[in-house]
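Here is the structure we will look at.
The values are calculated or read from the model by the stated rules, or taken from the named source; none is laboratory data. The structure presented is a predicted model; accordingly, all values stated were derived computationally and were not measured. Cβ coordinates were reconstructed from backbone atoms using ideal geometry, including for glycine residues, and neighbour counts include every protein chain displayed. Surface areas here come from the heavy atoms of the whole protein model, side chains and all, with no ligands, DNA or RNA. Shrake-Rupley method; radii C 1.70, N 1.55, O 1.52, S 1.80 Å.
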Amino acid sequence: MTRIGFIGLGNMGGPMAANLARAGHAVQVFDLVPESLDRAIKAGCIVAGDAREAVTGCDLAISMLPAGEHVRALWLSEGCGQDLLGALPAGALVIDCSTIDVASARAVGAAAKARGIRFLDAPVSGGVAGAAAGTLTFIVGGESADFEAAKPVLACMGQNLFHAGALGAGQIAKMCNNMLLAIHMAGTAEALALGVKEGLDPGVLSTIMGKSSGNNWSLERYNPWPGVMENSPASRNYEGGFMTRLMVKDLGLAMALAEHAHSAVPMGALARNLFNLHASQGQESKDFSSILALYLGKAQGEK
Ligand code: NAD
């Protein structure tokens, strides 16, 4: 049993912390949203009054926050005034699972190292369903020995654990993945909209493409058409998944990475524009698969 501090109990962090508690760990949690704390108590977690209290006495601390600015504010005390790294014992391990810019991950890692604390950037893939089922993919950057030390705890939340390379490498791999995800989600919505406008049933078309060369994760595991897949966000009015605003953030991170690498990303840039346009039409809190609405020419929920 490990005493684990867990900060950020949103769509992903909530079920991840619940899985750690289910595995028998003592999980001390904190989030800014009171409803998240209520859910965490029901899942067997110990609720702390603030982030510092949550990590106090922990050899391992995990954060799952929206973006780099939140992770810096938390771990570098930017704007919040809490010396969180100072609350951890020397040699403790911090694992940030948020998807953030490489510079922020490296800055927090360097600050941790200066205090004798180990740090891994460990963004995840697999969505809310993967977080709930404990089948996430962890894409980890940092020292090999720290990755090995983190494995038993990561295995309580995920099935596939990858060491991508040095500090920041987890974020680079995650950005490549999410740029590709945005492209195939937009493409899947585009193909489904075309077929349905020509009279096909979305479920029949999905089955056909799923057994043909157009198959992909968005079609098969996260179908954007309402009702085609019982458990996809599309079938619950695009609630409780991966918000469009987070996809726009990730595509922005991918574009910055491309500029740094002098690498052309025309498909990624187009996808970023599509998701940005969609977000600007009042859809930023909906799951990103609601991009289908752009192709149908109406906001989701409209008849
Ligand atoms: P979310 O917005 O649902 O959750 C973020 C949580 O962080 C919120 O509950 C918020 O209250 C909390 N928070 C923010 N600042 C805080 C602070 N200072 N102290 C305590 N709590 C704080 O987002 P999410 O969907 O859970 O995503 C989290 C991260 O995981 C993002 O970086 C996202 O890009 C990434 N991600 C999400 C998915 C997905 O399917 N939702 C999949 C893979 C990766």
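For the condition crowded, with 19+ Cβ neighbours inside 10 Å and within 14 Å of the ligand (Cβ to nearest atom), Ala150 does not qualify. Within the range 36-77, the residues that satisfy the criterion of being more than 22 Å from Leu93 (Cβ to Cβ) and under 21 Å from the mean Cα position of the chain (by Cα) are Ser36, Leu37, Arg39, Ala43, Pro66, Ala67, Glu69. Filtering the range 231-263 to residues that are assigned to a loop (DSSP other than H, G, I, E, B) and under 18 Å from Asn177 (Cβ atoms) leaves Gly241, Phe242, Ser263.
Of the residues making up the range 105-134, those that are away from the ligand (no atom under 11 Å from the Cβ), of a type outside the set (A, V, I, L, M) and more than 16 Å from Val153 (Cβ to Cβ) are Arg106, Gly109, Lys113, Arg115, Gly116. In this structure, Ala164 does not satisfy being open to solvent by 10 Å² or more (accessible area, probe 1.4 Å), near the ligand (Cβ under 10 Å from one of its atoms) and in contact with a helix residue (DSSP H, G or I) (Cβ under 6 Å, 6 or more places away or on another chain).
Counting only strands (runs of 3 or more DSSP E) that fall entirely inside the range 1-76 and contain at least 1 residues that are open to solvent by 30 Å² or more (accessible area, probe 1.4 Å) and more than 9 Å from the ligand (Cβ to nearest atom), the qualifying elements are 3-7.
Going through (1) within 14 Å of the ligand (Cβ to nearest atom); (2) buried (at least 19 other Cβ atoms within 10 Å of the Cβ) one by one, Leu192 falls short only on (1). Of the residues in the range 201-212, not one is open to solvent by 80 Å² or more (accessible area, probe 1.4 Å), within 16 Å of the ligand (Cβ to nearest atom), not in a loop (DSSP other than H, G, I, E, B) and not charged (D, E, K, R).
Just checking, which of Ser290, Ser235 is hydroxyl-bearing (Ser, Thr, Tyr) and surrounded by fewer than 23 Cβ atoms within 10 Å (Cβ to Cβ)? When all the criteria are applied, what remains is Ser235. Among the residues making up the range 79-103, those that are touching an Asp or Glu at 6+ places or on another chain (Cβ under 8 Å) and either within 12 Å of the ligand (Cβ to nearest atom) or in a strand (DSSP E or B) (or both) are Gln82, Leu93, Asp96, Thr99, Ile100.
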